[in-house]
Every structure is written in C-alpha cells, then in structure tokens.
Amino acid sequence: MKDQIRLLRDCFHNEIPAVVFQGNDSCAGEILEAAKEIYQKHGCSEEFLYDWQMLINEVKAYQQESPEQVQLPKLTHTEAELIREEMKQKGIVY
C-alpha cells in the first residue's frame, strides 16, 4: 500500500488539495468503494485498483475490530462557526 503519510505530506508541501478519510468515519468504506468504481470506469491500472482495494479492506477490518470508534464525522464547534460565517458572507445560509 502507498505511504499515505508521505502522500499527504507531499500534497501539503506542494499546496495540492487533499482529502482525508479516517477509518473511524462510518461512511469511509462506502466512499472508498464508490471511488474505486469511478477509478475503474476511467481506466486506472489493475495495480492501482488492487492497492485501492487493500485500503478498503484495511478500513473495513479496522471498523469491524473497533466498532466503538466508528461514527459519523463532525466538525468542532469552532469549525462549524467559521464555516457558517463563510456561508453568510457568500449568501448561502439556509
């Protein structure tokens, strides 16, 4: 499996947007499965798809071994306030 920390560090240092799904995110497995289908549809190599499946398997194993840790992701109170303020500034508050 790819060195995930190195990939994230490279993104950070090169100012490349990155998305992180934690194993305790109850939606992570489903999101990763959907992404695999999209990658497959767009012609990613068998090696890439194999590596991706290893990541999916790791997330699912973690979730089965630690069900008490699995939950829907949340924002902290401060994060939610900052985002709400940005939404207000952009005129998209519901």
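Computed from the coordinates by the stated procedures, all read-outs in this text should not be read as laboratory data. Just so we're clear, the structure is a prediction, and the values are computed from it rather than from any experiment. Backbone-built Cβ (ideal geometry, glycine too); neighbour counts: all protein chains shown.
Compared with the direct C-alpha span, the chain from K41 to H13 gains 7.0 nm at full extension, assuming 0.36 nm per residue.
Shown is the FRET efficiency for A61 and I83, computed with R0 = 35 Å from the Cβ-Cβ distance and rounded to the nearest 0.05: 0.60.
The range 67-94 and the range 22-63 have their alpha-carbon centroids 25 Å apart. Taking the helices alone, the chain has a mean residue ellipticity at 222 nm of -20000 deg cm²/dmol, built from -39,500 (n - 2.57) per DSSP H run of at least 4 residues and averaged over all its residues. Fully extending the segment from F48 to D3, taken as 0.36 nm per residue of separation minus the present Cα-Cα distance, adds 14.9 nm.
Against the chain, whose longest principal axis comes from its Cα atoms, helix 4-13 is set at around 40 degrees. Multiplying the residue separation of F21 and Q71 by 0.36 nm and removing their Cα-Cα distance gives an extension gain of 16.8 nm. Which lysines, on any chain, are close to K90 with Cα under 30 Å apart, when same-chain ones fewer than 8 places away are left out? Cα-Cα hits under 30 Å: K74. Using the Stokes-Einstein relation with a Kirkwood hydrodynamic radius computed over Cα pairs, the translational diffusion coefficient of the chain at 25 °C and a viscosity of 0.890 mPa s comes to 156 µm²/s.
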